[in-house]
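Q: Mind having a look at this structure? Questions to follow.
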Amino acid sequence: MELKDFLEEYKRALSMLREDRLKVYSIKAPEEIKEGFVYETEYEGAPVLLLVANLEEHFAEVVPLSFSWELATRYDYILEFEHPLRDTWIAQLDLATEVPKEILFQLKERGKIKEEDLRIIQSVLADEGEIPEEKRGRGYEDEVHKEFKRIEFERHRWLYEALLLSLDEEEERLVIVKPLREELEELSSLLLAADATQNVVNLPFGKLIYVPEEKKAELLLDEKFLGKTGKLSVSINGKEFTLFVGKLSDITILSVTEKLFRALKHLTLKVKEGE
């Protein structure tokens, strides 16, 4: 097969995954975000996998993975990673970006890459090393690789949007990533219409206020919860979606639509035992 044939195969694979709404495997929500671990979400039917390469207090440097290793460029690191789709993947180092650490709790924990692979990837990202010849692809400027990278950038655009939305030092901001936001909005259609009539909701642990003209919601916690460690989740129809894990404070939730706010009315809080 020629390189362009692999690109067409990749496009077909993404299309099939969207049509099938692939949900054939069970993966758990993370309890902690760790370097070397891979976190997954479903976006438009196709899985998106992110490798945490470096971790700081509030941000994580993530590297998007792709199962189309045949299209690897000279900036992609080929690695073995067990997954229902394939066991050979590429870490796309040219698409690496920082994201707010808390958004990774909104994904699922898929597994861990080998320590040796993590060390090399960290070294390359820090400009302290190069991808070994046997671990990287070829080309970058040709039309096939350019189109592949355009597809991959669009598939991960929501990551860069999440980073931009979160950058405000004056308030604690929570960004619900686009894949989860869309799923919550879809689930909200199953809720009673009466759920949409209130813009101020009293919760067992505080108050939730919707500001539609600014497309945001303010979560004001009762004083007894401030400073404690806890997990904020949304629970709808037996499904639980983690939004935040960490030290609790009043939070501004961004990009909130009416449908999303209807889902947010089902927020739950679990505080760490002993606090």
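Q: Can you tell me the 0 to 90 degree angle between the C-alpha axis of helix 157-166 and the longest principal axis of the chain, rounded to 10?
A: So the inclination is approximately 40 degrees.
Q: If you don't mind, another one. Here is the link list: K11/K247; K216/K239; K146/K231; K207/K239; K149/K215; K146/K239. Which ones come out longer than 30 Å on Cα distance?
A: Numbers: K11/K247 42 Å; K216/K239 23 Å; K146/K231 41 Å; K207/K239 22 Å; K149/K215 32 Å; K146/K239 39 Å.
Too far apart for the 30 Å limit: K11/K247; K146/K231; K149/K215; K146/K239.
Q: In what sequence, highest mean first, do 102-113, 210-221 appear when ranked by Cβ atoms within 10 angstrom? Each step should come with its number before you reach the end.
A: On the way: 102-113: 22.0, 210-221: 16.6.
Result, highest mean first: 102-113, 210-221.
Q: Let's test the formula: R0 of 22 Å, r as the Cβ-Cβ distance of A13 and L163. What FRET efficiency results, to the nearest 0.05? Walk me through the numbers on the way to the answer.
A: Working: r = 28 Å, r/R0 = 1.26.
After rounding, the FRET efficiency stands at 0.20.
Q: Please list H266, H58 in order of solvent-accessible area, largest first, computed with a 1.4 Å probe with all protein chains present. Please report the intermediate quantities before stating the final value.
A: Values: H266 60, H58 115 Å².
From most exposed to least exposed: H58, H266.
Q: Would you mind checking the tilt of helix 115-125 against the longest principal axis of the Cα atoms of the chain, expressed as 0 to 90 degrees and rounded to 10?
A: Around 90 degrees separate the two axes.
Q: What ranking do 183-189, 68-74, 133-139 get when scored by the average of other Cβ atoms within 10 Å per residue, highest first? Kindly include the intermediate steps, with their values, before the conclusion.
A: Working: 183-189: 17.1, 68-74: 20.0, 133-139: 13.1.
Descending mean neighbour count gives 68-74, 183-189, 133-139.
Q: Any idea how far apart D94 and E82 come out in nm if each label point goes 7 Å out from Cα toward Cβ?
A: 3.2 nm
Q: Here's something else I'd like to know. Using protein chains only and a probe of 1.4 angstrom, how many square angstrom of V52 are accessible, to the nearest 10?
A: 0 Å²
Q: Calculate how steeply helix 143-155 sits against the longest principal axis of the alpha-carbon atoms of the chain, using the helix alpha-carbon long axis, and give the answer as 0 to 90 degrees to the nearest 10.
A: 10 degrees
Q: Of all the accessible heavy-atom surface of segment 3-169, with the other protein chains kept in place and a 1.4 Å probe, what percent is carbon and sulfur?
A: Working: 3970 of 8320 Å².
Carbon and sulfur together cover 48 percent of it.
Q: Return the distance in nm (one decimal) between the two label points of a simple spin-label model at N202 and E154, each offset 7 Å from Cα along Cα→Cβ.
A: Using points 7 Å along Cα→Cβ, the separation is 4.9 nm.
Q: While we're here: Report the charge-dipole magnitude of segment 198-271 in Debye, nearest 20, computed about the Cα centre from +1 at each Lys and Arg Cβ and -1 at each Asp and Glu Cβ.
A: That gives a dipole near 280 debye.
Q: Of the listed pairs K4/K108; K34/K228; K108/K265; K178/K228, which have alpha-carbon separations greater than 26 Å here? Each step should come with its number before you reach the end.
A: Working: K4/K108 32 Å; K34/K228 21 Å; K108/K265 23 Å; K178/K228 28 Å.
Long pairs (Cα-Cα over 26 Å): K4/K108; K178/K228.
Q: Identify which of the listed values of Kirkwood radius over Cα pairs in Å was calculated from the structure shown: (1) 20.5; (2) 21.0; (3) 20.0.
A: Here Kirkwood radius over Cα pairs in Å agrees with entry (3).
Q: In nm, to one decimal, how far is the F6 label point from the E32 one, both placed 7 Å along Cα→Cβ?
A: 3.8 nm
Q: Could I ask something else about it? Counting only heavy atoms of protein chains, what accessible area per residue, in Å², does segment 100-256 have with a probe of 1.4 Å? If you can, show how the numbers build up before the last one.
A: Values: 8310 Å² over 157 residues.
Value returned for segment 100-256: 53 Å² of accessible area per residue.
Q: Please give the FRET efficiency for K112 paired with E213, using the beta carbon to beta carbon distance and R0 = 41 Å, rounded to the nearest 0.05. Don't skip to the end; give the middle numbers.
A: Details: r = 44 Å, r/R0 = 1.08.
E(calc), rounded to 0.05, equals 0.40.
The values are calculated or read from the model by the stated rules, or taken from the named source; none is laboratory data. What you are looking at is a predicted structure, and each value in this text was computed from that prediction instead of being measured. Counting neighbours? That spans all protein chains shown, and the Cβs are built from the backbone with ideal geometry, glycine included. Just the protein is used for accessible areas: all its heavy atoms, side chains included, with ligands, DNA and RNA removed. Shrake-Rupley method; radii C 1.70, N 1.55, O 1.52, S 1.80 Å.
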